[in-house]
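Participant: Can you read through this structure? Questions will come right after.
The values are calculated or read from the model by the stated rules, or taken from the named source; none is laboratory data. This structure is a prediction, so every number in the text was calculated from the model and none was measured. No Cβ is skipped: glycine too gets one built from the backbone with ideal geometry, and neighbour counts run over all protein chains shown. For the accessible areas, the whole protein counts, side chains as well, though only heavy atoms, and no ligand, DNA or RNA atoms are used. Shrake-Rupley method; radii C 1.70, N 1.55, O 1.52, S 1.80 Å.
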Amino acid sequence: MRIVVVGAGVIGLLSAVQIVADGHRVVLVDQADIPFAGSTSSDWHRVIRALHLDDPVATADAVLAHHQWLRLQRLLSTRIYEPVGALHVLPADDLARAQQVLSGAGSGAHLFGPLSLASTYTQIRFPDGATAVLEDLAGVLLADRVLAACRGWLRQSPRAELVPHRAVVAVDADNPAVRLADGEVLSADAVLLTAGAWSRGLLPAPLADELVLCRQSMVFCGVPAQDAAVWSATPPISTFGTSNGGWLVPPIAGTPLKLSAASACRVVTEVGDISTPAYWRDHLVEEFAPLVRGLGADWLTGGRDAYYLMRRSTGGPMVAVLGERVVSYAACGGSSFKFAPLIARSLVRQVSGAAAGAEPVLSPTVP
Ligand SMILES: Cc1cc2nc3c(=O)[nH]c(=O)nc-3n(C[C@H](O)[C@H](O)[C@H](O)COP(=O)(O)OP(=O)(O)OC[C@H]3O[C@@H](n4cnc5c(N)ncnc54)[C@H](O)[C@@H]3O)c2cc1C
């Protein structure tokens, strides 16, 4: 089978790897470089956190994803995952439930009371009385390394063709094919659209209208040399229990400290540049100064904005079945990177007509 994949972010690249691993041929097309520094997937890191407190199924899927990433790391022969756990500040009343949900999914968890939390992560000023859970089967994915390793692996395969700098402008859902900006048509047995934040341009109007485009700012920091040891033993913190929805990724494997918050997300109309406006850089420094001891503008080494789509009705991703062998996956913010191995496997099974496996089935939207 020959499958055309449009978009070489994490979803497209892992789908292409899956297609080759399944014995098919893949043509992976991107409007820019492969990988593209302006894609949402391109960054120092992304986090796997398994705990979804009110959703044991998503928690179990995330634990499965943790194991899949370790498997992928072996396949790609590159260090792409630092399984250092993930820390969540939660109300004391939720700790036992969090531990139960994680243990039900096969993950260990360590609980922190206010004193042990403050004395373990001395560089963080947690809100008064904060308690937390540290989950085991979680950690930091080195995002840019993931993308580069997938490209390297695909380049070695005679069954993979990489086509950078060719934008797709139209999709034939009845006779699987895509039309490129220069008029060339690529026909295939199946087409997978994984165009990330650009997906609306390839979808029929009713589906495109269901997607909201968001932009989020992140800042990168260098930490003082005297704090390097405590930072190197710090896991990603997915929530501080603060109303701004702040989170951080520690400096790990040579990466900088990364800070962002839900309060740095806004709805926009178009995908634009990825530089972080001064207003949002200052906003993040202001939000984190009370949480990270010593943090000031002098810590900043850079910033980056990223775009994502969310489905208006659910806030999550959208899977759209456009034809018998043409499927689109519009990823969301927050969790599509960590689930990418499961998403890719599910999408490839769907377009190739293979029997469904044990992995979660994505609920399709049929136009
Ligand atoms: C600030 C932020 C933090 C996040 N943190 C996490 C996290 O910690 N954990 C997690 O699991 N997830 C996280 N996510 C979500 C995750 O990063 C994204 O959902 C995921 O990277 C999207 O991947 P993608 O492959 O769908 O899209 P992208 O990476 O954007 O790739 C899409 C590709 O399609 C190409 N393309 C688009 N249109 C066309 C066209 N017409 N023709 C040809 N090529 C085209 C683009 O050039 C691009 O290369 C975060 C998202 C944001 C914004």
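Participant: Tell me which of these SER263 doesn't satisfy, since it passes every other one: (1) assigned to a helix (DSSP H, G or I); (2) under 17 Å from the mean Cα position of the chain (by Cα); (3) not aliphatic (A, V, I, L, M).
Facilitator: With (1) assigned to a helix (DSSP H, G or I); (2) under 17 Å from the mean Cα position of the chain (by Cα); (3) not aliphatic (A, V, I, L, M) applied to SER263, the lone miss is (2).
Participant: Determine if the stretch 219-237 includes at least one residue that is more than 9 Å from the ligand (Cβ to nearest atom), within 23 Å of GLY272 (Cβ to Cβ), in contact with a Lys or Arg (Cβ under 6 Å, 6 or more places away or on another chain) and open to solvent by less than 30 Å² (accessible area, probe 1.4 Å). Reasoning before the result, please.
Facilitator: At the first step, the residues of the stretch 219-237 found to be more than 9 Å from the ligand (Cβ to nearest atom) are 219-235, 237.
Pick out the ones that are also within 23 Å of GLY272 (Cβ to Cβ) and you get 219-220.
Of the ones still in play, those that are also in contact with a Lys or Arg (Cβ under 6 Å, 6 or more places away or on another chain) are 219-220.
Going one step further and asking which of them are open to solvent by less than 30 Å² (accessible area, probe 1.4 Å), we end up with 219-220.
The answer is yes, given that some residue of the stretch 219-237 is more than 9 Å from the ligand (Cβ to nearest atom), within 23 Å of GLY272 (Cβ to Cβ), in contact with a Lys or Arg (Cβ under 6 Å, 6 or more places away or on another chain) and open to solvent by less than 30 Å² (accessible area, probe 1.4 Å).
Participant: Going through the stretch 189-218 one residue at a time, which ones are away from the ligand (no atom under 14 Å from the Cβ), touching a strand residue (DSSP E or B) at 6+ places or on another chain (Cβ under 9 Å) and either in a helix (DSSP H, G or I) or open to solvent by 20 Å² or more (accessible area, probe 1.4 Å) (or both)? Let's see the steps before the verdict.
Facilitator: Initial filter on the stretch 189-218 (away from the ligand (no atom under 14 Å from the Cβ)): 189-190, 204-207, 209-210.
Subset that is touching a strand residue (DSSP E or B) at 6+ places or on another chain (Cβ under 9 Å): 189-190, 204, 207, 210.
Correct list: ASP189, PRO204, LEU207, GLU210.
Participant: Can you find a residue in the stretch 32-49 that is more than 13 Å from the ligand (Cβ to nearest atom) and either at pLDDT 95 or above or touching a strand residue (DSSP E or B) at 6+ places or on another chain (Cβ under 8 Å) (or both)? Give the derivation first.
Facilitator: Restricting attention to the stretch 32-49, the residues satisfying the condition of being more than 13 Å from the ligand (Cβ to nearest atom) are none.
No.
Participant: Could you tell me which residue of the stretch 132-144 is nearest to the ligand (Cβ to nearest atom), considering only residues that are open to solvent by 10 Å² or more (accessible area, probe 1.4 Å) and either outside any loop (DSSP other than H, G, I, E, B) or basic (Lys, Arg) (or both)?
Facilitator: Step one: filter the stretch 132-144 for residues open to solvent by 10 Å² or more (accessible area, probe 1.4 Å), giving 134, 136-137, 144.
Still in the running and either outside any loop (DSSP other than H, G, I, E, B) or basic (Lys, Arg) (or both): 134, 144.
Numbers: LEU134: 17, ASP144: 11 Å.
Checked the stretch 132-144; the qualifying residue nearest to the ligand (Cβ to nearest atom) is ASP144.
Participant: Then there's this: With the requirement that a residue be over 23 Å from PHE126 (Cβ atoms) and either assigned to a helix (DSSP H, G or I) or among the charged types (D, E, K, R) (or both), what does the stretch 299-324 give you?
Facilitator: If the condition is that a residue be over 23 Å from PHE126 (Cβ atoms) and either assigned to a helix (DSSP H, G or I) or among the charged types (D, E, K, R) (or both), then ARG304, ASP305, ARG311, ARG312, GLU324 are the ones that fit.
Participant: Restricting to the stretch 63-75, give me the number of residues that are buried (at least 16 other Cβ atoms within 10 Å of the Cβ) and either out of contact with any Phe, Trp or Tyr (no Cβ under 7 Å at 6 or more places or on another chain) or at pLDDT below 95 (or both).
Facilitator: Looking only at that region, the number is 5.
Participant: Here's another thing I want to ask about it. Tell me, which strands (runs of 3 or more DSSP E) wholly within the stretch 12-124 include 2 or more residues that are under 30 Å from GLY241 (Cα atoms) and among the aliphatic types (A, V, I, L, M)?
Facilitator: Filter on the stretch 12-124 gives 46-48, 86-90, 109-112.
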